[in-house]
Amino acid sequence: MANKQYGMVIDPRSCLDCKACVVACKAENHVPLGASRNWVRHSLVGTFPKLQAVIEPGQCNHCSEAPCVEVCPTGASHFAAGGTVQITREECIGCQLCMEACPYGARYYDEQSEKVDKCSFCWHRVERGLEPACVVTCPTKVRVFGDLNDPTSRVARKLAEHPSVVLKPEEQTRPNIHYITD
Amino acid sequence: MSTTARGPIGIGPHTARRREGLTLDRRGFLGVFGAGILGTTLYGCAGRPRLLEVAESAVPESTPASRKVASICGNCVNKCGFIARVEGDRVVKLDPNPHFPKSRSMLCAKGNAGVQVVHDPDRLKHPLIRTGPRGSGQWRKASWDEALELTARRMMEIKEKYGPHGMLFSSTEGFQERFFRTFAAAWGSPNVVRHPSLCLASGNVAFFATFGTVPEYDLEHCEYVIVSGANRAEAFVTPDTIDMMTRARQGKTRLVYLDPRFSVTASRAGTWLPIRPGTDMAFYLAMLHVLIADKLYDEAFVRTYTHGFDELVAHVEPFTPEWAEGETEIPAREIRRITREFAAAAPRAVVYRGRRSSWYGNDTYMRQAMALVNVLVGNWDRQGGLVPKESIALGKPELPELPWPDEERIDGIEERHPLARTEDGAYVDLRQRVLDARPYPVKGWMIYKQNPLHALPDRARTRAMLEQMDFVAVIDIVPSDTAWMADVILPESTYLERDDPVEGFHQPYPFLAWRRQVIRPHFETRPCLEIMQGLAAKLGLESYFDYDIDRYIDLQLAKPGIGREVFDATGVWSDRNSRKYGTTLVEDYRFRTPSGKIEVANERFRRRGYAPLPVYQSPPQPPRGKFRLLPGKQAYFTHAANQNNLWLHELCPENSLWINAAVARERGIAEGDELLVRSPVGQVRVRAHVTEGIRKDCVHLPHGFGQRSAGLHQAVGKGASDQDLIAAASDVITGNAALHETFVTIEKV
């Protein structure tokens, strides 16, 4: 497992905003009603009839310089196997500092458990060699998931073949989700 | 069996606390449609009693933990394959079945939300008998025997008073719909009506009349697709959608999309043409004109396989692109460019018909014009074109002879719409005839898997139709608005709880698949077959149901000579792995048309007194201050069926009226303002969605909202129903509802 860096390449222009990923995540991760670990942003740019739709799926970026990890007073938010960012639920005290620190709004507070939660890249699946639920269910296969450090992986090849950006680079968080721009 | 947030037992205090306490402010950047998605309008129903609380003992005893079952989705007509993960008697996750040839590795939001269909706290849990006034929501729990006994008795009373034709049977597609239809036929009423005349009847008739069959589209290999208003990306995520959209994204297909609205499909198309509503036929007539004038059509194909081409030459002569520009507001040079590109890409080029073709009174002709563009470029039965359906034949039980109905159909479809499928009926006509009791009264209504209060235009009339019935029985899985108006509700087991008949699929090649039971039925629900059997037994009609589901499946599989174990590995079976092309392009092949050829000038039309070629009428324009109302769907929902699903409801708790930003500015309307929308038949209050993405002459209201059943705790009272506004109108040839003909006024409240 050493040196693995799991990440995603997302092709937003393949996304139809069908939200299959949102519901799949909800089911897979028992996300409470009213909360969501992933989302699709959708807006229009331009004036009629010169219009463009900007559709952008998102979730925790599993940043390599993760502000959430930095601010967590207990170490509950931490860098875990495969370069992912995970939360040890038992150690989370629900202080929500991580939610304020996250530039992507990727975390939510669950009052039931009094803890913060977010996308884990479906770690319980990845551990067993499966892809995250959002990746599997997607009708147009918007997301490619895998080890960015393995140049032969689909995700690394996809990243190499296309120009891409990360969200809010000015935050210098080194996200591990890349968005194709061509 | 523990009760959790998604438990079948009902929402406990545990869950309520969780819901109220959520922090909902975290995602301010969700985007234009995000604002209403999370957290708003979810609750407001706490303390209201759940319809039909039951004891925990109603849940069947646990079955082995942690299983996987390959089965078939039932949340829309498409029927995608999934693999269910089951723990005990709970479905915990539905994943796409990658072996399923049609849906391959996709499962949409609705498919994923199937978990909530079976564990929906609002679902119908046992038979109900109305105790208060109709629609009051006063019910009592009944045993199956009592509910069936009452239903049989009331049906017999209607029969004695009015004859068998005094009962109306209506249903919507589904793998067990056949049993409902067998029951209706055995009862002996001619009055059976289905959904096609609210959906695709005109498109089916136009393509059938042209080709002698209703073809599929080989989009997987297509390189140029023209689509009118079939908003696949936003409204209906299916394999066709995926083929179209992924190939367009990969640059393998060029997509031309006509729609007054900038939908997701429009945003994903290479060319979006914001056409003037109601003028699509003019666009296709001009394409036909250019194909002929510039000799771009496939001359050898037309000569060999078609009938009546010369008539078309004369017919489309006046329909120049310049003329069409005046109608459609699409520049003539664009029509020429697209036609040239289309012809160059042929035969891997199609005009895609779309599914719901209930737009205008001339819809059959509009779809015929689309069919003819396909005909002229010779894409028929070729890779990347239109392909005839192939299928694998299945066996079925031999039934005793069915009684002849004792009367003519009340909708008079045979005389009024002789080209339409009689057995599907003409719903808009039928409702009016029932209201008029012309030529006879219809006083009993049995409804399966259908929600007429949302399906038909002009809801007030549908309500009046329900109210004039002596007896209404509804078979459904949730207390829909229509079920709420019933006298007896018979709860069906959901698609996850039943073994269904084996089903034949056509796309991308013929295969069989079997919807097998994922979990045993929760509560006191029954599959449709068993409900029909129970009722048949009380009415002396049991000889029509001399089989159970296992026997039925055995009879089906006897024909291809296979056993059900063929479905064990992947859930599907076929004797081939690709589509055949060109089976109809052989010498002496006779198309199932009067001429035996593909009909350009249509002889079926001519025989029935209709013009044989598409007749164009310029649509009336909305008078000053009015807007054309365009209804449409969102892919999160199937019609009005699952706005109450906990997970889907969250995606879009209520609809809003799309209105052009410039128009809204003039009228001082801002995003989210409450509007009063009036039409000749009704009025609704609904919030404004102010957008650049729609023309100024029309407004758009997503379908399926404005539900009134208090049994639907999430959906009740949210948004507005298009059917409160849309006036009844229908396609002349088929009687298919014409849903785009209503003008509305809008004022800020």
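The values are calculated or read from the model by the stated rules, or taken from the named source; none is laboratory data. All of these numbers come straight from a predicted model, not from anything done at the bench. When we count neighbours, we look across all protein chains shown, and the Cβ atoms used for this are built from the backbone with ideal geometry, even at glycine. Ligands, DNA and RNA are stripped out before the accessible areas are found, and what is left, the full protein with its side chains, is counted by its heavy atoms. Shrake-Rupley method; radii C 1.70, N 1.55, O 1.52, S 1.80 Å.
Taking (1) closer than 30 Å to B:Val118 by Cβ; (2) more than 7 Å from chain B (Cβ to nearest Cβ); (3) surrounded by 21 or more Cβ atoms within 10 Å (Cβ to Cβ) in turn, A:Ala66 satisfies each apart from (1). Pairs only if they're at least six apart or on different chains, beta carbon under 7 angstrom, first in segment A:3-28 and farther than 16 Å from B:Lys93 by Cβ, second of a type in the set (Val, Ile, Thr) and part of a helix (DSSP H, G or I); list them, first residue then second. Partner pairs satisfying both residue conditions: A:Tyr6/A:Val126; A:Gly7/A:Val155; A:Met8/A:Val155; A:Val9/A:Val155; A:Ser14/B:Thr246; A:Leu16/B:Val264; A:Asp17/B:Val264.
Residues in segment B:495-513 that are buried (at least 20 other Cβ atoms within 10 Å of the Cβ) and in contact with a Gly (Cβ under 7 Å, 6 or more places away or on another chain): B:Tyr495, B:Leu496, B:Leu512, B:Ala513.
Taken over segment B:87-124, the residue count meeting the criterion of being away from chain A (no Cβ under 11 Å), open to solvent by less than 10 Å² (accessible area, probe 1.4 Å) and not in a loop (DSSP other than H, G, I, E, B) is 1. Between A:Ala133, A:Ala156, A:Ala106, the distinction of being crowded, with 18+ Cβ neighbours inside 10 Å and free of Cβ contacts under 8 Å to residues at least 12 places away in the same chain belongs to A:Ala156 only. Does A:Tyr104 satisfy being at the interface with chain B (Cβ under 9 Å from one of its Cβ atoms), of a type outside the set (A, V, I, L, M, F, W, C) and farther than 30 Å from B:Thr271 by Cβ? Considered against the rule, which asks whether it is at the interface with chain B (Cβ under 9 Å from one of its Cβ atoms), of a type outside the set (A, V, I, L, M, F, W, C) and farther than 30 Å from B:Thr271 by Cβ, A:Tyr104 comes out as yes. Taking the conditions exactly as written (within 14 Å of chain A (Cβ to nearest Cβ), buried (at least 20 other Cβ atoms within 10 Å of the Cβ) and closer than 28 Å to B:Thr364 by Cα), does B:Phe627 satisfy them or not? In short, no.
Scanning segment A:1-14 for residues that are of a type outside the set (Phe, Trp, Tyr) and more than 9 Å from chain B (Cβ to nearest Cβ) turns up A:Met1, A:Ala2, A:Asn3, A:Lys4, A:Gln5, A:Gly7, A:Met8, A:Val9, A:Ile10, A:Pro12. For segment B:344-384, filtering for residues that are assigned to a loop (DSSP other than H, G, I, E, B) and not acidic (Asp, Glu) leaves 19.
The requirement of being open to solvent by 30 Å² or more (accessible area, probe 1.4 Å) and within 24 Å of B:His649 (Cα to Cα) is fulfilled somewhere in segment A:45-58, by at least one residue. Go through segment B:234-252 and give me each residue that's facing chain A (nearest Cβ under 10 Å), closer than 22 Å to B:Ala346 by Cβ and not in a helix (DSSP H, G or I). Listed by number, the list holds a single entry, B:Gln250.
Filtering segment B:253-271 to residues that are open to solvent by 10 Å² or more (accessible area, probe 1.4 Å) and facing chain A (nearest Cβ under 9 Å) leaves B:Phe262, B:Ser267, B:Arg268. Being touching a residue at least 40 places away in the same chain (Cβ under 8 Å), part of a helix (DSSP H, G or I) and surrounded by fewer than 20 Cβ atoms within 10 Å (Cβ to Cβ) is a property that B:Arg551 has. Filter segment B:707-745 down to the residues that are under 11 Å from B:Val684 (Cβ atoms) and open to solvent by 10 Å² or more (accessible area, probe 1.4 Å) and list them by number. Listed by number, the residues that qualify are B:Gly719, B:Asp724. Among the residues of segment A:16-48, the ones that are assigned to a loop (DSSP other than H, G, I, E, B) and facing chain B (nearest Cβ under 9 Å) come to 11 in all.
Within segment B:152-176, the set of residues being open to solvent by 10 Å² or more (accessible area, probe 1.4 Å) and outside any loop (DSSP other than H, G, I, E, B) comprises B:Arg153, B:Arg154, B:Met156, B:Glu157, B:Lys159, B:Glu160, B:Lys161, B:Tyr162, B:Pro164, B:His165.
Residues are listed down the side, and each one gets a yes or a no for (1) touching a Pro at 6+ places or on another chain (Cβ under 7 Å); (2) within 22 Å of B:His639 (Cβ to Cβ); (3) modelled with pLDDT under 95:
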{"position": "B:Thr182", "(1), (2), (3)": "no, no, no"}
{"position": "B:Ser197", "(1), (2), (3)": "no, yes, no"}
{"position": "B:Leu200", "(1), (2), (3)": "no, yes, no"}
{"position": "B:Phe211", "(1), (2), (3)": "no, no, no"}
{"position": "B:Pro215", "(1), (2), (3)": "yes, no, no"}
{"position": "B:His221", "(1), (2), (3)": "no, no, no"}
{"position": "B:Val225", "(1), (2), (3)": "no, no, no"}
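In the set (1) open to solvent by 10 Å² or more (accessible area, probe 1.4 Å); (2) at pLDDT 95 or above, the condition left unmet by B:Val488 is number (1).
Applying the criterion of being more than 12 Å from chain A (Cβ to nearest Cβ) and open to solvent by 30 Å² or more (accessible area, probe 1.4 Å) to the residues of segment B:64-86, the residue that is modelled with the lowest pLDDT is B:Pro64. Is it true that some residue in segment A:117-132 is of a type in the set (Phe, Trp, Tyr) and more than 9 Å from every other protein chain (Cβ to nearest Cβ)? Among the residues of segment A:117-132, at least one is of a type in the set (Phe, Trp, Tyr) and more than 9 Å from every other protein chain (Cβ to nearest Cβ), which makes the answer yes. Among the residues of segment B:665-689, just one is buried (at least 22 other Cβ atoms within 10 Å of the Cβ) and within 14 Å of another protein chain (Cβ to nearest Cβ), namely B:His689. Evaluation of B:His315 against the conditions (1) touching a helix residue (DSSP H, G or I) at 6+ places or on another chain (Cβ under 8 Å); (2) part of a helix (DSSP H, G or I); (3) touching a residue at least 24 places away in the same chain (Cβ under 8 Å) shows that the sole unmet condition is (1).
Against the test of being under 15 Å from the mean Cα position of the chain (by Cα) and either within 14 Å of another protein chain (Cβ to nearest Cβ) or not in a strand (DSSP E or B) (or both), the options A:Pro73, A:Pro57 yield a single qualifying residue, A:Pro57. Does segment B:348-360 contain at least one residue that is surrounded by fewer than 24 Cβ atoms within 10 Å (Cβ to Cβ), more than 25 Å from B:Val615 (Cβ to Cβ) and assigned by TED's automatic domain parsing to the domain that holds B:Trp272? Checked against the condition, which is being surrounded by fewer than 24 Cβ atoms within 10 Å (Cβ to Cβ), more than 25 Å from B:Val615 (Cβ to Cβ) and assigned by TED's automatic domain parsing to the domain that holds B:Trp272, segment B:348-360 yields at least one hit.
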